[in-house]
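What follows is one structure encoded as structure tokens, with my remarks underneath.
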Amino acid sequence: MTNSPKTTANQMWGGRFASGPDAIMTAINASIGFDQRLYAQDIAGSRAHAAMLAATGILTSSDAEAIGEGLLTVLSEIDAGNFTFSTALEDIHMNVESRLKDLIGAPAGRLHTARSRNDQVAVDFRLWVRDQCDAAIQGLNALMRAFLAQAEAGTDWVMPGFTHLQTAQPVTWGHHMLAYVEMLARDKSRFEDARRRMNECPLGAAALAGTSFPIDRHMTAAALGFDRPTANSLDSVSDRDFALEFLSASSICAMHLSRFAEELVIWSSAQFRFVKLSDKWTTGSSIMPQKKNPDAAELLRAKLGRILGATVALFTIMKGLALTYSKDMQEDKEQVFDAADTLMLALAAMTGMVGDMTANREVLATSAASGFSTATDLADWLVRALNLPFRDAHHVTGTLVALAESKACDLPDLSITEMKSVHDGITQEVYSVLGVENSVRSRMSYGGTSPTRVAEQVARWKTLLA
Ligand code: ARG
């Protein structure tokens, strides 16, 4: 099976090798199949490195210029799809360098001075993940705006609020939509924090120990938009915590998306009819003509499984690795690529769905009034008007709920005589607190569901997201 003896040694590092690798070794070892996604970052890193080598006198400026120009040609070839990636050349770093040699000849061999693939891949991957943080932040801004528009339209629409998915208290549509704006804003700040922390440049750490060449790491860091160079070369080539932070933030965000996705699945059902999803985000059934399935919502509910899977995978890959670089770490990329693609698609889909959905205001209002949703308002009235301790008020209200339930009516349908049969202090005034509109209007505490408070929060978010 093995074909090793016939193959030739690797042209980039094969000096001490008499033969090339087994074909299966090539297959397990090569990362070019996926790390070609890093080509723009790899070329940017190399161009910054070459310019710095010239500025510090390590390379002649004519060699550095030839390298810089040649790298731009490689970039345009890959951009245009005119580049043949070679598995024998293992990864993006050696594919680019080898093509550079075809293009400019001998000076290409000087590019790798004072550098290793270890710091090269660390800088490429950081640049890529940094871009993904920016993309996630943008996607979250768009999604927050979509929720905010829903909140603004329905600031005072009454709907049932749930705990345990059982009717709890009436709330406002705007309040429910803004709950997601709050969650997504925290998601966004997690990506911003992660971006800030990862924004240090590992280039120049070389293989692991730094280099004896008089390089200027501040120069390459600045050229690549980093805040500063990393301070420890061993750490620089061996950690992937920046990728883990990205994955962790992505997982939390996807968890939030999955919760709203589940609400959409429930709310769009014939039994709830709280919202209507547009045709753009639903599918039909091949056998049941009446069906409009919330497939996008269901998929969004599932995406966390995939993103969290990538997160667990990378933690498991990194766990227990002795410093510094080990080839295990090559397994980081596919996980992060897939999770990032999944997150960006999920954010875009959720933004479209939220923008297109229509709340069924009448159904929400009717549903808000069912299930004794104003029982807490009744108990609070007993405390306020009759000075009952809350525990007693709770008991009296519970008895009234049981009475209404036995008569198959709602709390406002009980007569004053029936009310008084449970507590004779109750007066006609109690009926004023049993309506859902009154209920939500009374929840004026800061962060509460009253339309007044919700309107204030809508205004705050409009300023913040402008
Ligand atoms: N393809 C490698 C990776 O993704 C690049 C770094 C390889 N370094 C090395 N010393 N083999 O991790």
Convert each backbone phi in the range 209-224 into a coupling constant with the Karplus relation 6.51 cos²θ - 1.76 cosθ + 1.60 (shift: θ = phi - 60°), then list the ³J(HN,Hα) values in order as whole Hz, x for Gly and Pro.
10, x, 9, 7, 6, x, 6, 10, 6, 5, 5, 5, 4, 5, 4, 9
Which residues does a label at Ser326 reach in the range 12-30, if reach means a backbone N under 16 Å from a point 7 Å past the Cα toward the Cβ?
none
Tell me, what HN-Hα J-couplings in whole Hz come from the Karplus equation 6.51 cos²θ - 1.76 cosθ + 1.60 at θ = phi - 60° for each residue of the range 19-33, using x for Gly and Pro?
9, x, x, 4, 4, 6, 4, 4, 5, 7, 7, 6, 10, 4, x
Would you compute, from DSSP H runs of 4+ residues alone, the mean residue ellipticity of the chain at 222 nm, taking -39500 (n - 2.57) per run and dividing by the full residue count, rounded to the nearest 500?
-19500 deg cm²/dmol
Can you list the HN-Hα couplings for the range 427-442, worked out from phi with the Karplus curve (6.51, -1.76, 1.60; θ = phi - 60°), rounded to whole Hz and with x for Gly and Pro?
10, 3, 4, 4, 5, 5, 9, 8, x, 5, 4, 4, 4, 5, 4, 6
Tell me which residues come under 5 Å, amide H to amide H, from Thr283 once H is placed; ignore anything under 5 positions away on its chain.
Asn293, Asp295
Roughly how tilted is helix 92-104, in degrees to the nearest 10 and between 0 and 90, from the longest Cα axis of the chain?
40 degrees
Which residues qualify? For Gly161, with a placed amide H closer than 5 Å and at least 5 residues away or on another chain, they are Ala168, Gln169, Val171
List the lysines whose alpha-carbon lies under 23 Å from that of Lys188, not counting same-chain residues fewer than 8 positions away?
Lys303, Lys333, Lys462
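Which whole-number percentage describes the relative contact order of the chain, with Cα contacts under 8 Å and a sequence gap of 6 or more? All intermediate terms of the calculation are to be shown ahead of the outcome.
On the way: 667 pairs, mean separation 72.1, N = 466.
Once normalised by length, the contact order is 15 percent.
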Angle in degrees between helix 375-386 and the longest Cα principal axis of the chain, rounded to the nearest 10
60 degrees
Spherically averaged projected area of the range 352-466 from its Cα convex hull (nm²):
9.2 nm²
For Asn360, the residues 5 or more places away or on another chain with a placed amide H closer than 5 Å to its own amide H are Val275, Lys276
Within the range 389-466, report the chymotrypsin sites (Phe, Trp or Tyr not before Pro) that DSSP leaves as loop and that have at most 15 other Cβ atoms within 10 Å.
Tyr446
With angles folded into 0 to 90 degrees, how steeply does helix 117-153 sit against the dominant principal axis of the chain? Use alpha carbons for both and round to 10.
20 degrees
For the range 196-316, calculate the relative contact order in percent as a whole number, restricting contacts to Cα pairs under 8 Å that are 6 or more residues apart.
23 percent
Just report the Cα centroid separation between the range 404-466 and the range 170-242, whole Å.
47 Å
With Rg and the Kirkwood Rh both taken from Cα atoms, where does Rg over Rh land for the chain?
1.16
Spin-label model distance (nm) - Ser86 vs Leu299, 7 Å beyond Cα toward Cβ:
3.9 nm
Over what distance in Å are the Cα centres of the range 336-390 and the range 112-163 separated?
24 Å
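Throughout, read-outs are computed from the coordinates displayed, never taken from laboratory work. Not measured: the values here are computed from a predicted model. Cβ: placed from backbone, ideal geometry, glycine included. Neighbour counts: every protein chain shown.
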